[in-house]
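The values are calculated or read from the model by the stated rules, or taken from the named source; none is laboratory data. Because the structure is predicted, anything quoted here is derived from the model rather than measured. Don't worry about glycine lacking a Cβ; one is built from the backbone with ideal geometry, like all the others, and counts go over all protein chains shown.
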Amino acid sequence: MLLAVLLTVAGTVAATSTAANAASLPGFVLSSTTATLPPELTALATGKRVQYVTTNINGGLITATGLIITPKNNKKNKTVAWAHGTTGLADQCAPSNNLPVFWQEAREAIAELLDRGWTVAAPDYPGLGTPQAHPYLVGASEGRSIIDSVKAARNLDAALTTQYVVDGHSQGGQGALFASQLAPAYDGNLVLRGTSSLAPLSNADFLAPLIPGTPGQGYLVMALYGLQAVDPTFNPNAVLAGPARSRTAVLQSGCLFEILAAYESLTASQLVVGGVVPPSVTNRLRVYANPGQTSPSAPVLIVHGTEDEAVPFFLSDEMLVPQLEEDYNQPVTFVPIEGANHDGAVFESIELVADWIADRFA
C-alpha cells in the first residue's frame with residue numbers, strides 16, 4: 001500500500017513538473033476561447049482567442065494574446081502569421097478583443113489568406129491585452145510574439161506543419177521583418193518560407209525628426225512610450241513639450257485615431273521641447289525600431305504605395321530596399337504600388353501577396 005501511494009505521489013510530481021516545463025516554453029497556450037470574428041471572416045473560418053507564452057527582448061517569459069483563425073474549407077495545414085498595423089497602446093486596442101480596431105485592410109488581407117486554405121495566427125503584440133506596457137515599434141518584441149503565435153497555432157492544431165510565412169502591414173510590416181531576422185535563432189523547429197512586409201516602418205531614426213509639426217505626431221508620442229517600455233531610464237516627459245504632456249491621457253483612453261486627433265494640431269515646439277527630436281530618441285530608435293540588422297533565412301517581399309501618407313515611400317524605395325539588397329543573403333522583391341496610400345497598398349496587393357506566399361509554400 002505504501003509503495004502504491006509513493007508511486008502515485010511520484011507520478012503526480014512528475015506530471016506537474018512536465019506541465020510546468022511546458023508552460024515555460026514560448027508558444028504554450030495558457031487559455032483558448034471562442035472568438036467573435038469580423039463578419040467578413042465568419043463564413044470562411046472559425047476563431048480562437050488565445051493567451052500564450054512569449055518572451056521579452058531580454059528573453060524573459062511574458063504573456064501575449066492573439067487570434068488563431070482556421071479556415072473551414074480547403075485547409076492546407078500551413079500557417080501565415082498576420083502582423084497588424086498600429087492600433088494604439090492601451091489594452092482596449094488589442095484587435096483580438098476589439099473588432100473596431102481589426103482594421104478593414106487586415107480583414108480583407110486575412111480573408112484572402114483563409115480562402116487559400118492557410119491557418120492565420122494574428123498576434124496582438126505584448127502589452128495589448130496584457131498587463132505590461134506595449135513596446136510600440138520595438139521590433140524584437142513584435143517579432144518574438146509573431147513567431148510564438150505560430151507556435152501557439154501548432155499547439156492548438158497538431159495537423160499544422162512546421163512551415164510558415166509572416167505577412168504584416170505598417171507596424172506589422174516592421175515586426176514581420178524583425179521576425180524574419182530573429183527566425184534563424186528563435187523559431188526552433190519551425191521553417192520560415194518567406195516574409196511579406198507591406199508599407200513597413202524603417203529608418204525610424206531618420207523619420208522621427210521629420211514628424212514634429214505634421215498630422216502624424218501621435219505616432220511619435222506612442223513611439224516615445226514604446227521606448228520607455230523597454231528602457232526605464234528613458235523618460236518621454238523629458239522630450240515632450242508641455243502641451244503634448246497635457247494630452248497623454250489619451251494614450252490610455254483611446255486608440256489610434258483618437259491619439260492622432262489629440263496631437264495633430266500641435267506645432268513642432270508644442271510637441272517636443274525646442275521643436276526638435278533629440279539624439280536620446282533617435283539613437284534609441286536606431287537600435288530598437290530599425291529592421292534589417294541581421295539577415296533572415298527566407299526570401300522577403302516589400303510592398304509600398306507611392307503616395308503613402310503615414311510611412312513615406314522613399315523610406316522603402318531609397319533606403320530600406322537598398323539596405324536589404326546589400327546586406328541580406330536572401331532574395332528581396334520590391335513592388336511599388338503606384339498612387340496607393342498607406343492602407344491602399346494592402347488593398348491593391350492582396351492577390352499579389354497571396355500568390356507570392358503560395359509560391360513560397362510551393
Among residues of region 188-207 being surrounded by fewer than 24 Cβ atoms within 10 Å (Cβ to Cβ) and within 25 Å of Asn58 (Cα to Cα), the residue farthest from the chain's Cα centre (by Cα) is Asn189
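Restricting to region 219-235, and then to whatever is touching a helix residue (DSSP H, G or I) at 6+ places or on another chain (Cβ under 9 Å), assigned to a loop (DSSP other than H, G, I, E, B) and of a type outside the set (D, E, K, R), can you tell me which residue is surrounded by the most Cβ atoms within 10 Å (Cβ to Cβ)? Give the steps one after another, and end with the answer.
At the first step, the residues of region 219-235 found to be touching a helix residue (DSSP H, G or I) at 6+ places or on another chain (Cβ under 9 Å) are 219-231, 234-235.
In the following step, the residues that additionally are assigned to a loop (DSSP other than H, G, I, E, B) were identified as 231, 234-235.
Those still in the list that are of a type outside the set (D, E, K, R) too: 234-235.
Values: Phe234: 17, Asn235: 13.
Out of the qualifying residues, it is Phe234.
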When restricted to Ala152, Ala83, Ala94, Ala106, the only residue touching a strand residue (DSSP E or B) at 6+ places or on another chain (Cβ under 7 Å) and within 24 Å of Arg286 (Cα to Cα) is Ala83
Of (1) in a loop (DSSP other than H, G, I, E, B); (2) at pLDDT 95 or above; (3) within 26 Å of Ala358 (Cβ to Cβ), Thr87 satisfies every one except (3)
Only one of Ile302, Ile259 is touching a residue at least 40 places away in the same chain (Cβ under 8 Å) and not in a helix (DSSP H, G or I), namely Ile302
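So, Val353, is that one at pLDDT 95 or above, in a helix (DSSP H, G or I) and touching a helix residue (DSSP H, G or I) at 6+ places or on another chain (Cβ under 9 Å) or not? Working first, answer last.
On the way: at pLDDT 95 or above: yes; in a helix (DSSP H, G or I): yes; touching a helix residue (DSSP H, G or I) at 6+ places or on another chain (Cβ under 9 Å): yes.
Here the answer is yes, as Val353 does meet what is asked.
Only one residue in Ala81, Ala111, Ala122, Ala106 is over 23 Å from Ser180 (Cβ atoms) and modelled with pLDDT of 95 or more, so which one is that? Explain how you work it out, then say what you get.
Working: Ala81 fails: over 23 Å from Ser180 (Cβ atoms); Ala122 fails: over 23 Å from Ser180 (Cβ atoms); Ala106 fails: over 23 Å from Ser180 (Cβ atoms).
After applying the criteria, what remains is Ala111.
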Of those in region 312-335 that are outside any helix (DSSP H, G or I) and in contact with a helix residue (DSSP H, G or I) (Cβ under 8 Å, 6 or more places away or on another chain), the residue surrounded by the fewest Cβ atoms within 10 Å (Cβ to Cβ) is Thr333
Taking region 161-183 and the residues there that are crowded, with 24+ Cβ neighbours inside 10 Å and of a type in the set (A, V, I, L, M), the one that is farthest from Gln51 (Cα to Cα) would be Leu177
Being within 19 Å of the chain's Cα centre (by Cα), assigned to a strand (DSSP E or B), within 23 Å of Cys255 (Cβ to Cβ) and hydrophobic (A, V, I, L, M, F, W, C) is the requirement here; does Val80 meet it? no
**Asked** Could you say whether any residue in region 109-120 is within 23 Å of Pro39 (Cβ to Cβ) and in a strand (DSSP E or B)?
**Response** yes
The number of residues in region 50-68 that are closer than 30 Å to Pro232 by Cβ and in a strand (DSSP E or B) is 12
Over region 117-147, the set of residues surrounded by 24 or more Cβ atoms within 10 Å (Cβ to Cβ), farther than 19 Å from Thr87 by Cβ and touching a strand residue (DSSP E or B) at 6+ places or on another chain (Cβ under 6 Å) is Trp118, Thr119
Per the list (1) in a helix (DSSP H, G or I); (2) touching a Gly at 6+ places or on another chain (Cβ under 9 Å); (3) of a type in the set (Asp, Glu), residue check on Glu309 breaks on (1)
The number of residues in region 46-66 that are farther than 12 Å from Asp148 by Cα and surrounded by 24 or more Cβ atoms within 10 Å (Cβ to Cβ) is 0
